[in-house]
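Since every read-out is calculated from the coordinates, none of them should be taken as a lab result. As the structure is a computational prediction, the values presented were derived from the model and not from experiment. So basically every Cβ, Gly included, is an ideal-geometry build from the backbone, and we count neighbours across all protein chains shown.
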Amino acid sequence: MTRIAILLGLLLHGVLGSLALGYLAPGPAVAQTDTKQQRLSRSQKSDISAWTVGLAGGLIEGSFIRYASDLAKVLDDGDNLRVIPMVTFGAVGNVNDLLNLRGVDVAITQADVLDYFQRELKVPNITARIQYISPLYLAEVHVYARAEIKTLADLAGRKVAFNTAGSAANLTGQVVFRRLGIAVEPVLINNALALERMRSGEIAALVHVVGKPNELFTSLRAEPGFHFLPIEYGQAFEDVYLPSILSAEDYPQLIAPNETVPTLAVVTVLAVYNWPKNSEGFRRVSRFVDAYFAKFQQLRNPPFQPKWKDINLAATVPGWTRFSVAEEALARMRAARPQGGEPR
C-alpha cells in the first residue's frame, strides 16, 4: 500500500507540474497568437497616428479655439481621420508651431502674420512653407480704455495691455499703433489681469483682436467710463486690413443703442504646412483638406459658430498661396455647380 501511495503521489506531482508549466509558459500556438495580436495592436496604433492631424487653435478666451473645436467635431472620422484641436498661444505662436512643432499640421492664424515672419523675423521661404486652405472669418480690433482716454492718441506714453506673447493682439495691436505713429508702453499680460489693472489705474487700455461678439466683453458688466476707442480706417491699413464696426448688437451693455464704434478687422486664415508631395505629412493634411471641403456645409448649421455662414471658401488671401489640394478641391466644387460660378 505504501509503495502504491508513493507511485500515485509521484504521478500526481508530475501531472500538476505539467499543468503549472503549461499555465506559466504557453505553448508555441498560444505564444504565436499573442505575438500576432501585439503586431496587430501596433499596426492599428500606427494607422490611427498616420491619419491624426494636430490643429493649433488658440487661447482659451479667444475665438480661434472655438473654430478649431468645431472643425474637430465635424471632420473627425474615427480611424480614417482624427483631428485634435490644441490650446495654444495664438496667431503668431500657431505659425511658429506649424514651422517647428512636431504634431502640428494645420493652424488658425491671421492674414498679417505671414508678413511679420517674412519682414520682421526673416524666416526663409515662409510663403512656400506655410500656405492656406481657405480664409475664415473677420477678427475685429477691440481697444477697451479707461474713462480719461478719449482717442488712441491719448494713449501715447501710457501702458497698454496686448494680451500674451504670440497672440493676435500682440501682433496686430502693436501694428496699429506703430502705423499711426503712437508710441505706447506695451504690457504682455492676459486679459483678466489687464482688466484688474485697468480698474486700479495701472494700465490705460487693453487690446484684444478677436471675432465679435467675444465672450471677454459680452460677460463684462458696464463700468463707469470704460469704453471702446474708435479706429478710423485709412491708407495705412489698406494692405491686409478691412474697415469694421462694433455696435450695441455686439455688446449691448457696453455700447449705447444706435451707436457704433469704427474699428479695423483682419482676416483669419486656416493655414497648413506645405509638406513635400508623397510624404506622410502631405497625405495626412490632404485627407483633412478633402474632408473640410466635403463637410463644410455642416459647419454652417447650429450649434457651430455663426460666422461659418459668412465664410467664402473661394476668396483669396493677399500675400498667401493656396495649398494645392485645396485648389483642387475648389476646382471640383466649381465643376459640380450646375451653372458654374464660385462655391461659397
**Q.** Whole-Hz ³J(HN,Hα) from phi, Karplus 6.51 cos²θ - 1.76 cosθ + 1.60, for region 84-96, glycine and proline x
**A.** 10, x, 10, 6, 9, 8, x, 4, 6, x, 5, 5, 4
(Q) Would you calculate the convex hull of the Cα atoms in region 47-336 and tell me its volume per residue in Å³? (A) 135
Q: For a footprinting-style exposure proxy, rank Phe323, Phe177 by other Cβ within 10 Å, fewest first.
A: Phe177, Phe323
**Q.** Charge-dipole axis of region 47-336 as Lys and Arg at +1 and Asp and Glu at -1 on Cβ define it, positive-most pick from Ala147, Ala326, Thr164
**A.** Ala326
Q) Between Ala183 and Gln253, what is the spin-label point distance in nm, taking each point 7 Å from the Cα along the Cα→C-beta axis? A) 3.9
Q) Say each of Glu148 and Asn125 gets a label point 7 Å from the Cα, pointing the same way as Cα to Cβ; how far apart are those two points in nm? A) 5.4
Q | Relative contact order (%) - criterion: Cα under 8 Å, at least six apart; region: region 283-344 | A | 34
Q) Rounded to the nearest 20 Debye, what is the dipole magnitude of region 157-306 about its Cα centre when Lys and Arg each give +1 and Asp and Glu each give -1 at the C-beta? A) 560
Q: Would you work out the charge dipole size for region 47-336 about its Cα centre, treating the Cβ of every Lys and Arg as +1 and the Cβ of every Asp and Glu as -1, and quote it to the nearest 20 debye?
A: 400
